[in-house]
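What follows is calculated from the coordinates using simple rules that are stated; it is not laboratory data. Since this is a predicted model, take the numbers as computed values, not measurements. Glycine also receives a Cβ, built like all others from the backbone with ideal geometry; neighbour counts cover every protein chain displayed.
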Amino acid sequence: MQLLMSPASPFVRKVRVLIREAGIDGIEEINVSTTPLATDPAVMAANPAGKIPALVRDDGPALYDSRVITRYLDAQAGAGLYPAARLWEVLTVEATADAMLDAAVLMVYEARFRAPEMQSADWVEGQWGKVSRAVTALNEKWMSHLSGPLDMGQIAVACALSYLDFRHPGRDWRGANPALADWYAEFATRDSMVGTAPA
Ligand SMILES: N[C@@H](CCC(=O)N[C@@H](CS)C(=O)NCC(=O)O)C(=O)O
């Protein structure tokens with residue numbers, strides 16, 4: 001199998017962290033450069049949306065969307081990162097992280113891929129509002145879940161928080177969310193996180 005990826009993509013990182021936590025071998029990582037304005041041909045062939053991650057398989061169609069790939073690999077490996085007893089909570093925490101990432105990535109794209117005269121500061125703040133509310137929700141409602149046994153929700157949240165530091169270092173998400181900040185500081189020391197730091 002081949003993972004179409006970029007080391008800077010937080011959605012890709014979710015998959016790469018899971019691969020390491022689950023001890024999965026044999027997935028070839030293929031670096032691509034793809035943007036909304038210039039889609040890599042291999043990515044387009046695998047995913048009509050032209051987005052990474054995409055997982056090219058020998059025995060079936062390519063899989064795409066990080067949530068599909070992580071669930072597939074978890075099931076293949078029997079890693080238990082989507083435990084049945086907590087499935088809906090895990091999926092909701094992962095969805096919260098993905099929502100943060102959707103908004104945080106769009107903020108980057110607004111600055112990078114739209115002409116300056118078309119950029120909207122209000123729109124950017126609207127996206128940050130989504131990130132900020134998600135971070136608050138995690139800090140207020142989900143700390144006990146985040147502090148429990150490892151699951152995919154935790155991995156997704158850690159990748160999302162790391163991306164905020166990577167691409168939006170001027171935004172302070174820690175100040176009003178000390179419990180989440182402490183949790184992340186510890187989670188970020190895992191080998192799977194250190195070995196997949198964005199570049
Ligand atoms: N919902 C998708 C989002 C993936 C995504 O937005 N990936 C970005 C890189 S971080 C991408 O490929 N952007 C290229 C584009 O939008 O054309 C997932 O979870 O995999």
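Each residue, A45 and R86, gets one label point 7 Å from its Cα in the Cβ direction; the gap between the two is 4.0 nm. Distances between placed amide hydrogens fall under 5 Å for A62 paired with R57, all partners being 5 or more residues away or on another chain. Taking Lys and Arg as +1 and Asp and Glu as -1, the other residues whose beta-carbon sits under 11 Å from that of P198 total +2. Where only DSSP H runs of four or more residues are counted, the chain gives -18000 deg cm²/dmol as its mean residue ellipticity at 222 nm, each run worth -39500 (n - 2.57).
For a straight C-alpha distance cut-off of 17 angstrom, the aspartates and glutamates reachable from K130 (same-chain residues fewer than eight places away being disregarded) are E94, D98, D102, E110, D122, E140, D165, D172.
Straight-line reach from K14: which lysines have Cα under 16 Å away, leaving out those fewer than 8 places along the same chain? Once the sequence-local lysines are set aside, what remains near K14 is K51.
Taking label points 7 Å from Cα along the Cα-to-Cβ direction, I27 and T136 give a separation of 3.5 nm. Classified by the C-alpha gyration tensor, the chain has an oblate form. Its axis ratio a/c, with a ≥ b ≥ c, is 1.5 or above, and a/b does not exceed b/c.
With contacts taken as Cα pairs under 8 Å and at least 6 residues apart, the chain reaches a relative contact order of 25 percent.
Counted residue by residue at 0.36 nm each, then reduced by the alpha carbon distance between them, the extension gain from A121 to M143 reaches 4.7 nm.
Taking every DSSP beta bridge that has both ends in the chain, the antiparallel portion is near 60%.
If you average 1/r across every pair of different Cα atoms in the range 84-191 and take the reciprocal, what Kirkwood value do you get, in Å? Its Kirkwood hydrodynamic radius stands at 14.4 Å. Label the range 114-159 by shape, choosing from rounded, prolate and oblate, from the square roots a ≥ b ≥ c of the eigenvalues of the Cα gyration tensor; if a/c is under 1.5 it is rounded, and otherwise prolate applies when a/b is larger than b/c, oblate when it is not. Note, shape of the range 114-159 comes out oblate.
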